[in-house]
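Read through the structure below, which is laid out as structure tokens, and then see the notes.
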Amino acid sequence: QVQLVESGGGLVQPGGSLRLSCAASRSMYSMGRMGWYRRAPGKQRELVALITSSGDTNYVDSVKGRFTISRDNAKNTMYLGMNNLKPEDTAVYYCWVPISGIDYWGKGTLVTVSS
């Protein structure tokens, strides 16, 4: 079992940057893939980025070249760096970890991109 807590969301102007953090309540060394999802107003939840235990990454096309997922196992924290933010990036962002067939989610952090 693990608890996940996201932070770093907020209001930012188009073109701005944010870095989201996801703190895990236990060691991440034994965790495999992890990721970030988002849910925009009126839309379904969408997988944004994945990172494996070896550091391989994958992104949804709409954020490629703008977002960077990373993890620091020593700090039990996963990150999502977001640059050149667009209004369509407005959403609640959730971190996700599957462990032994069970999906664990944080409560989310709101990112609002608006002028």
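The values are calculated or read from the model by the stated rules, or taken from the named source; none is laboratory data. Note that this is a predicted model, so its numbers are computed, not measured. Cβ coordinates were reconstructed from backbone atoms using ideal geometry, including for glycine residues, and neighbour counts include every protein chain displayed. The accessibility values were calculated without ligands, DNA or RNA, using every heavy atom of the protein model including side chains. Shrake-Rupley method; radii C 1.70, N 1.55, O 1.52, S 1.80 Å.
Structure notes:
- Residue that is farthest from D72 (Cα to Cα), among those in the stretch 13-28 that are assigned to a strand (DSSP E or B) and open to solvent by 20 Å² or more (accessible area, probe 1.4 Å): L18
- Qualifying residues in the stretch 1-12 (those that are part of a loop (DSSP other than H, G, I, E, B) and among the polar types (S, T, N, Q)) - the one least open to solvent (accessible area, probe 1.4 Å): Q3
- Output for the stretch 70-115, where each listed residue is open to solvent by 80 Å² or more (accessible area, probe 1.4 Å), under 10 Å from E6 (Cα atoms) and hydrophobic (A, V, I, L, M, F, W, C): W105, L110
- Failed criterion for L47 (all others in (1) surrounded by 14 or more Cβ atoms within 10 Å (Cβ to Cβ); (2) under 12 Å from the mean Cα position of the chain (by Cα); (3) of a type in the set (A, V, I, L, M) hold): (1)
- Selection count where residues are β-branched (V, I, T), in contact with a strand residue (DSSP E or B) (Cβ under 8 Å, 6 or more places away or on another chain) and assigned to a loop (DSSP other than H, G, I, E, B), scope the stretch 35-52: 0
- Test: residue in the stretch 50-68 that is within 22 Å of S115 (Cα to Cα), crowded, with 18+ Cβ neighbours inside 10 Å and of a type in the set (A, V, I, L, M, F, W, C): yes
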